[in-house]
Amino acid sequence: MTSYAKKIKAAVLCGAMTVSGTSAMAEMEYQDVADLLHLVMSSDRTVYTRMIVNRLSVDEKVIKASEHFVDDKALVLPAQMFRFGAEMVAEETDAFSYSLLSLWPINKQNAPSTDLEQVGLEYLAENPGENYYGEEELGGVTYFTAFYPDISVAEACSSCHNEHKDSPRTDFKGGDVMGGVVIRIPMDG
């Protein structure tokens with residue numbers, strides 16, 4: 001277990017907090033940790049999507065965003081930026097992992113691959129604005145798994161998905177649930 005993993009385990013098991021100037025220990029629930037991680041992820045992704053991709057590619061038409069960003073000398077798509085961050089985190093810690101999945105993925109590797117992923121993504125699609133939480137065992141490890149709606153926050157989101165040749169769904173509008181952010185925290189150990 002990496003030092004990051006040990007730190008997040010400690011935060012989950014007994015988050016430190018100050019009450020009236022004295023130190024007290026209180027248990028921090030897996031859901032609380034996942035919710036806080038998602039808040040950071042969602043905020044960063046929304047800022048990048050709205051202030052960089054949408055502004056420069058849709059509003060000002062200065063540079064396009066492309067899944068082939070190197071060859072096209074273009075901006076990285078928000079979903080790719082998210083995946084690159086998830087891959088970098090996975091290189092540093094096993095204390096949690098995250099991904100972006102969808103019932104309508106352009107890239108088939110982003111489709112649900114477990115029963116809980118299918119259930120969680122269906123729940124998000126049917127209950128906009130709500131999260132879904134569960135536990136699952138993968139490879140002998142029990143995980144707390146949290147699902148958060150991935151919303152079309154800018155025109156760049158819906159137009160990219162609607163116009164992509166490999167998109168299984170082409171009727172997204174602003175504010176629609178396009179998939180879900182999935183965060184896993186191992187509960188064993």
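We did not get these values from a lab; they are worked out from the coordinates using the rules stated. None of the values given here were measured: they were computed from a predicted structure. Every residue, glycine as well, gets a Cβ built from its backbone with ideal geometry; the counts of neighbours run over all protein chains shown.
Structure notes:
- Taking the convex hull of Cα positions in the range 42-104, its mean projected area over all directions (nm²): 5.4 nm²
- Note on VAL119 and ASP72: their simple-model spin labels are 3.8 nm apart, each label 7 Å out from Cα toward Cβ.
- Measuring r between the beta carbons of LYS173 and GLN80 and using R0 = 25 Å, the FRET efficiency lands at 0.65.
- Long-range tail of P(r) for the range 108-166 (Cα pairs > 20 Å, %): 39 percent
- Full-extension gain in nm, GLU126 to SER43, via 0.36 nm per residue minus C-alpha separation: 27.6 nm
- Remark on GLY179: its backbone amide H falls under 5 Å from those of ASP150, a criterion applied only to residues 5 or more positions apart or on other chains, H modelled at 1.01 Å from N.
- Taking 7 Å steps out from each Cα toward its Cβ at ASN107 and HIS164 produces label points 0.8 nm apart.
- Orientation-averaged projection of the range 29-186 equals 9.4 nm² [convex hull of Cα atoms, one quarter of hull surface area].
- Each other residue within a Cβ distance under 11 Å of ASP150 adds +1 if Lys or Arg and -1 if Asp or Glu, for a net charge of 0.
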